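A.B. asks: Sending over a structure as structure tokens; questions will come in a sec.
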Amino acid sequence: MGSLARPVGPGSGLGSRPPPLAPLRLLVLLLLVAPGARAAGYKTCPEVKPGMLNVHLVAHTHDDVGWLKTVDQYFYGIHNDIQHAGVQYILDSVLEALRAEPSRRFVYVEMAFFSRWWHQQSNATQEAVRALVHQGRLEFANGGWVMNDEAATHYGAIIDQMTLGLRFLRETFGDEGRPLVAWHIDPFGHSREQASLFAQMGFDGFFFGRLDYQDKVTRKEHREMEQIWRASASLKPPAADLFTGALPNMYNPPESLCWDSGCSDSPIVEDPRSPEYNAKDVVTYFLKLSDIQRQSYRTNHTVMTMGSDFQYENANMWFKNLDKLIRLVNAQQQASGSLVNVLYSTPACYLWELYKSNLTWSVKLDDFFPYADGPHKFWTGYFTSRAALKRYERHSYNFLQVCNQLEALVGPAASQGPYGSGASASLNEAMAVLQHHDAVSGTSKQHVANDYARQLAEGWGPCEVLLSNALARLSGSKKDFTFCRELNISLCPFTQGAHSFEVTVYNPLGRKVERMVRLPVSKEAFLVKGPDGAVVPNNFLSFVSEVVPNPSSEQLELLFPATVPALGFSVYSVSRVSPRRPTSLRRRPRAQEAESLELTIQNEYLQARFDPDTGLLMEVNNLEEGLQLAVRQAFFWYNASMGDGLSSQASGAYIFRPYRQEPMILSRWVQPRLVKTSLVQEVHQNFSAWCSQVIRLYRGRRQLEFEWTVGPIPVGDNWGKEVVSRFDAALDTKGLFYTDSNGREILERRRDYRPTWKLNQTEPVAGNYYPVNSRIYIKDSEMQLTVLTDRSQGGSSIRDGSIELMVHRRLLKDDGRGVGEPLQEDLPGRWVRGRHLLLLNKLKTAAAAHRLQAQEEVLAPQLVLASGDGTPYRPSVAPSKQFSGLRWELPPSVHLLSLTHWGPGMVLLRLEHQFAVGEDSGRNLSAPVTVDLTDLFSTLTITQLEETTLAANQLRARASRLYWTPGTGPAAAPLQPPRLNPAAITLMPMEIRTFLAKVQWKGGS
């Protein structure tokens, strides 16, 4: 997004794919290049002058992978009437400028753009670029496919997009192209988990641009703009320690020193005869500026970012003036005894000088949320903005992992098979683009958001072909597979028109799952059989769709339970039967108007009671653990501010600012409908013409599900609205609540409080909102109330005992951060349907409940439909109705994070311990756990195994990082990687271990 404003946009396909990675032995040779690679990475840095203030000028461009224009429009320089930006011309121009003067240096970040540009270059140009990289004059920072958002992103998707970009650099430039520094100059707040992931990827340091305005003042006063971030409460230091620095000017050049073609600052004029002569004044100003800036930092080195959004399209303008600035300022060393030395530098070279200063540094334990750039200006609206796109992104992550797993389990037969050519690459790239800090954040222009969705949709197609090939291979039967992408709105023409069909349920988790399958149908009588041929109980439910245009008065859903093995599938057959066969008919329950009934739904574990006067939830009981809690849930909305006497700041795509601090309840009562069957009990609630909800309790489940449908939010009254679902419980929470960090570790939050500075709270609601990626909870001394989400949302506890989650927003005014349009949402994004899961547990069992269920929500079973029995895949192989890719289930504390085809005969494997220290839940789940990989997979044999860093671009045994001395506590010694024994892979709490494996597929795949 813009440096002074802030929004982002979509992209399109990202050009031809690089060649597949070499076999493992060659890969290992690549990873082993230059054992002293760490030192070599800094040996190309320029000389500095001891005893002087060394000002490191970092020439860079910040190229949003979509924001005001789509990815393609940005790359090719199309629609410059929207924003003048053409990335291909920037890279062309920078290359020419670097070759013209050997002292010049430049930094580039976004591999989504660079890889596309690279594949369009001649061999001669590519060799010239390699030479610049070898000389250290073209440096890559960060190196991900994009510079990802840190609030709305899931840790698995962050790892995937970083792996994609860093793999490109490894394959293209070897170790010389490996970034040493993480560089997040534009994301709107910074998560602790992001820093932990960067540390585990092997970065030496991390620089960012956006820092809360109050926090920045405090840090400058105490000279704590740079420190050590201890980014995990579970990993043993320094595994997640990361040196972190806040840049002085966000990521812009200092005022009056911008020399891009889009800037209005005067160039340096050296000719004293010219009436425009200004060289002396520029030097005087620069020296004064350098002295002011040094006072906020601790060493005799300071950094100035010389560049901004999409700059350097005419790189000569920038470099010509920077050349003059360096020469003129350094000339003052002899002319007037100046002690300021200016040099072209890079983030890595600046970091290296800080490291050599041998100082001790303060330690940060929390995160940098929420971010505000002034009073009443909290960037907490984007936690929810474009809720439909946020769900589509999370759903696509789920589907991509299924696609990756089947590609790895089946091998070449998944990519080329009876259904054609399938691949995961397109969806992998689209998902990487969606992690950009103006994509999943919801802060792009509408047409850009539409393009992001287009990229995801196009990525699904090749994966559907791959799944068809893989399932045919594994089941031994070629069928007419069908995918229904609109099951979230109960639309599937195939099941609604078929007399009989099969449902393949694939489970991407490393443990068995039980799941209720819901499918739209048009008739009431069906017979469902499981993989073993046994009849499976089923129910029918009727509903009226709020989101399907012109729905019939009533629609039907078929409901049945499915049990699916670990990393495998079960096939269920469904056939329509005559109503005259009562043994197979499951009667559809009559939805009862619940005026005179006891409003209670219950299964063997939970009971939910509703107020007979209001129809609203009033109590939840955990029957298994003997807990009873008064809980009220309803929908509210905040009237979005359009500016007032305190501030002109309006609520917008980035900013959340309610006009009133107390939200308005949507409805104080509802007319409930009670539905009870043998498999599910539901209470249907209509809050308004544009907000409804079904609260349901499935048989055998320990969670209460809230499926809400919101939209289109009416704005005819000229009030923008921000809609929240609020849970009010009788818990004494003492101002505390807890949110996840990118779906992994949990952070404690306290209302109106920041751990590292005294907060002057100007927005009591918006200033207490935090990103909720997968869960938020509150607790007292006995019990914990947890709400799981199906996408990233903004959430808080504005009063004790309360949890609120913002589910949708529609606004009438732009918030002045660069997008230039209000967050109105085009169809179909004006309708949003989602799910919250409510868990009530004793403190000792809560972690096990929310950890395991959250993973099941992120990696939910995938449904694939087919008609008939199909034809044999191989004549000699009998069809199979059930399959598991694992020979045994993984322990509950172990999560299979990644299983991905990596190249000919290779797979990438990540295992993680999904519990934190202190989350034992009475089951020893926080203890170290050991897994045997030697014969774990049923379809492949691992013949060679190498452990790498998190992003798979360095061998772990050879990876080294710069280690920094904390100012408090003992200095942590570098951790030695454990000896690699495939039969005994041990995981510590919250540890992720990454492996590249050479494999042989069984059965001729």
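The values are calculated or read from the model by the stated rules, or taken from the named source; none is laboratory data. The model shown is predicted, which means the values in this text are computed figures rather than measured ones. Cβ sites come from the backbone with ideal geometry, for glycine too, and all protein chains shown count toward neighbours. The area values use the complete protein model at the heavy-atom level, side chains included, leaving out ligands, DNA and RNA. Shrake-Rupley method; radii C 1.70, N 1.55, O 1.52, S 1.80 Å.
A.B. asks: Would you pick out the residues in region 720-729 that are crowded, with 20+ Cβ neighbours inside 10 Å and out of contact with any Phe, Trp or Tyr (no Cβ under 7 Å at 6 or more places or on another chain)?
C.D. replies: Across region 720-729, the qualifying residues are Gly720, Phe727, Ala729.
A.B. asks: Also, quick follow-up: If you check Phe483, Phe501, which single one turns out to be touching a Phe, Trp or Tyr at 6+ places or on another chain (Cβ under 9 Å), over 30 Å from Leu933 (Cβ atoms) and open to solvent by less than 10 Å² (accessible area, probe 1.4 Å)?
C.D. replies: Phe501
A.B. asks: If we keep just the residues of region 335-360 that are of a type in the set (Gly, Ala, Ser) and assigned to a helix (DSSP H, G or I), which is surrounded by the fewest Cβ atoms within 10 Å (Cβ to Cβ)?
C.D. replies: Among residues in region 335-360 that are of a type in the set (Gly, Ala, Ser) and assigned to a helix (DSSP H, G or I), the one surrounded by the fewest Cβ atoms within 10 Å (Cβ to Cβ) is Ala335.
A.B. asks: Another one. Scan region 228-254 residue by residue and report those that are open to solvent by 10 Å² or more (accessible area, probe 1.4 Å), in a strand (DSSP E or B) and farther than 18 Å from Ile746 by Cβ.
C.D. replies: Asp241
A.B. asks: For region 285-328: of the residues being β-branched (Val, Ile, Thr) and either in contact (Cβ under 8 Å) with a residue 60 or more places away in the chain or crowded, with 21+ Cβ neighbours inside 10 Å (or both), which is nearest to His222 (Cα to Cα)?
C.D. replies: So, considering only residues that are β-branched (Val, Ile, Thr) and either in contact (Cβ under 8 Å) with a residue 60 or more places away in the chain or crowded, with 21+ Cβ neighbours inside 10 Å (or both), the one nearest to His222 (Cα to Cα) is Thr299.
A.B. asks: Let me ask you something else. Quick one: count up the residues across region 730-764 that are crowded, with 22+ Cβ neighbours inside 10 Å and among the hydrophobic types (A, V, I, L, M, F, W, C).
C.D. replies: Within region 730-764, residues that are crowded, with 22+ Cβ neighbours inside 10 Å and among the hydrophobic types (A, V, I, L, M, F, W, C) number 2.
A.B. asks: I'd like to verify a number: residues in region 913-946 that are at pLDDT below 95, open to solvent by 20 Å² or more (accessible area, probe 1.4 Å) and within 28 Å of Ala849 (Cβ to Cβ), how many?
C.D. replies: The number of residues fulfilling the criteria is 6.
A.B. asks: Quick check, is Trp708 aromatic (Phe, Trp, Tyr), open to solvent by 30 Å² or more (accessible area, probe 1.4 Å) and over 17 Å from Trp379 (Cα atoms)?
C.D. replies: Taking the combined requirement at face value, the residue does not satisfy it.
A.B. asks: When the residues of region 890-912 are filtered to those that are more than 19 Å from the chain's Cα centre (by Cα) and not hydrophobic (A, V, I, L, M, F, W, C), which remaining residue is surrounded by the fewest Cβ atoms within 10 Å (Cβ to Cβ)?
C.D. replies: Pro904
A.B. asks: Related question: Only one of these is under 21 Å from Ser232 (Cβ atoms) and in contact with a helix residue (DSSP H, G or I) (Cβ under 9 Å, 6 or more places away or on another chain): Leu759, Leu747, Leu736. Name it.
C.D. replies: It is Leu747.
A.B. asks: Look through region 511-529, keep the residues that are open to solvent by 10 Å² or more (accessible area, probe 1.4 Å) and in a loop (DSSP other than H, G, I, E, B), and return whichever of them is nearest to Val894 (Cα to Cα).
C.D. replies: My answer is Arg511.
A.B. asks: While we're here: So which pairs qualify, if the first residue must be in region 947-969 and surrounded by fewer than 17 Cβ atoms within 10 Å (Cβ to Cβ), the second must be polar (S, T, N, Q), the Cβ gap must be under 8 Å, and the two must be at least 6 apart or on different chains?
C.D. replies: Pairs found: Thr965/Asn358; Thr965/Thr360; Gly967/Thr360; Gly967/Ser362; Thr968/Ser362.
A.B. asks: Name every residue in region 430-450 that is assigned to a helix (DSSP H, G or I) and either modelled with pLDDT under 95 or buried (at least 24 other Cβ atoms within 10 Å of the Cβ) (or both), in order of residue number.
C.D. replies: Ala430, Met431, Ala432, Val433, Leu434, Val448, Ala449, listed by residue number.
A.B. asks: A follow-up question, please. So which of Pro875, Pro879 is open to solvent by 10 Å² or more (accessible area, probe 1.4 Å), without any contact (Cβ under 8 Å) to a residue 40 or more places away in the chain and part of a loop (DSSP other than H, G, I, E, B)?
C.D. replies: Exactly one of Pro875, Pro879 is open to solvent by 10 Å² or more (accessible area, probe 1.4 Å), without any contact (Cβ under 8 Å) to a residue 40 or more places away in the chain and part of a loop (DSSP other than H, G, I, E, B), namely Pro875.
A.B. asks: Here's another thing I want to ask about it. I'm checking my understanding of the structure. Among residues of region 364-405 that are in a helix (DSSP H, G or I) and in contact with an Asp or Glu (Cβ under 7 Å, 6 or more places away or on another chain), which one is least open to solvent (accessible area, probe 1.4 Å)?
C.D. replies: Arg394
A.B. asks: Of these, Leu980, Leu975, Leu996, which one is more than 27 Å from Thr845 (Cβ to Cβ) and free of Cβ contacts under 8 Å to residues at least 60 places away in the same chain?
C.D. replies: Leu980
A.B. asks: Separate question: Given the conditions (1) of a type in the set (A, V, I, L, M); (2) under 25 Å from the mean Cα position of the chain (by Cα); (3) surrounded by fewer than 24 Cβ atoms within 10 Å (Cβ to Cβ), which single one is not true for Leu466?
C.D. replies: (3)
A.B. asks: So which residues in region 882-900 are among the small types (Gly, Ala, Ser) and either out of contact with any Asp or Glu (no Cβ under 8 Å at 6 or more places or on another chain) or within 15 Å of Ala983 (Cα to Cα) (or both), if there are any at all?
C.D. replies: Ser884, Gly885, Ser893, listed by residue number.
A.B. asks: Test of understanding: among Ser741, Ser688, which residue is under 25 Å from Phe369 (Cβ atoms), of a type in the set (Gly, Ala, Ser) and touching a residue at least 12 places away in the same chain (Cβ under 8 Å)?
C.D. replies: Selected residue: Ser741, the only one of Ser741, Ser688 that is under 25 Å from Phe369 (Cβ atoms), of a type in the set (Gly, Ala, Ser) and touching a residue at least 12 places away in the same chain (Cβ under 8 Å).
A.B. asks: Also, I was wondering about something else. Could you grab me the full set of residues in region 970-1005 that are basic (Lys, Arg) and open to solvent by 70 Å² or more (accessible area, probe 1.4 Å)?
C.D. replies: Scanning region 970-1005 gives Arg979, Lys1002.
A.B. asks: Turning to a different aspect of this structure: How many residues, within region 191-218, are within 28 Å of Arg993 (Cβ to Cβ), open to solvent by 10 Å² or more (accessible area, probe 1.4 Å) and over 20 Å from the mean Cα position of the chain (by Cα)?
C.D. replies: Residues that pass the stated criteria total 0.
A.B. asks: Looking only at region 186-218, how many residues end up being part of a helix (DSSP H, G or I) and more than 25 Å from Ser441 (Cβ to Cβ)?
C.D. replies: 2
A.B. asks: Kindly evaluate Asp160 against the criterion of being in a helix (DSSP H, G or I) and open to solvent by 10 Å² or more (accessible area, probe 1.4 Å).
C.D. replies: Criteria met by Asp160.
A.B. asks: Here is a further query. Say we look at region 23-46 and pick out the residues that are closer than 20 Å to Tyr355 by Cβ and in contact with a Leu (Cβ under 6 Å, 6 or more places away or on another chain); which of these is modelled with the lowest pLDDT?
C.D. replies: Ranking the candidates gives Gly41 first.
A.B. asks: Which ones in region 812-850 are surrounded by fewer than 18 Cβ atoms within 10 Å (Cβ to Cβ) and assigned to a helix (DSSP H, G or I)?
C.D. replies: Result: Leu843, Lys844.
A.B. asks: Filter region 608-620 down to residues that are assigned to a strand (DSSP E or B) and without any contact (Cβ under 8 Å) to a residue 24 or more places away in the chain, then give me how many there are.
C.D. replies: 3
A.B. asks: Then there's this: Give the residue that is farthest from Gly77 (Cα to Cα), with candidates limited to residues of region 299-334 that are in a loop (DSSP other than H, G, I, E, B) and not hydroxyl-bearing (Ser, Thr, Tyr).
C.D. replies: Asn300
A.B. asks: Find the residue count for region 851-872, including only residues that are β-branched (Val, Ile, Thr) and either surrounded by 20 or more Cβ atoms within 10 Å (Cβ to Cβ) or under 26 Å from the mean Cα position of the chain (by Cα) (or both).
C.D. replies: 2
A.B. asks: Just name the residue that is nearest to Val694 (Cα to Cα) out of those in region 484-500 that are within 25 Å of the chain's Cα centre (by Cα) and without any contact (Cβ under 8 Å) to a residue 40 or more places away in the chain.
C.D. replies: Glu486
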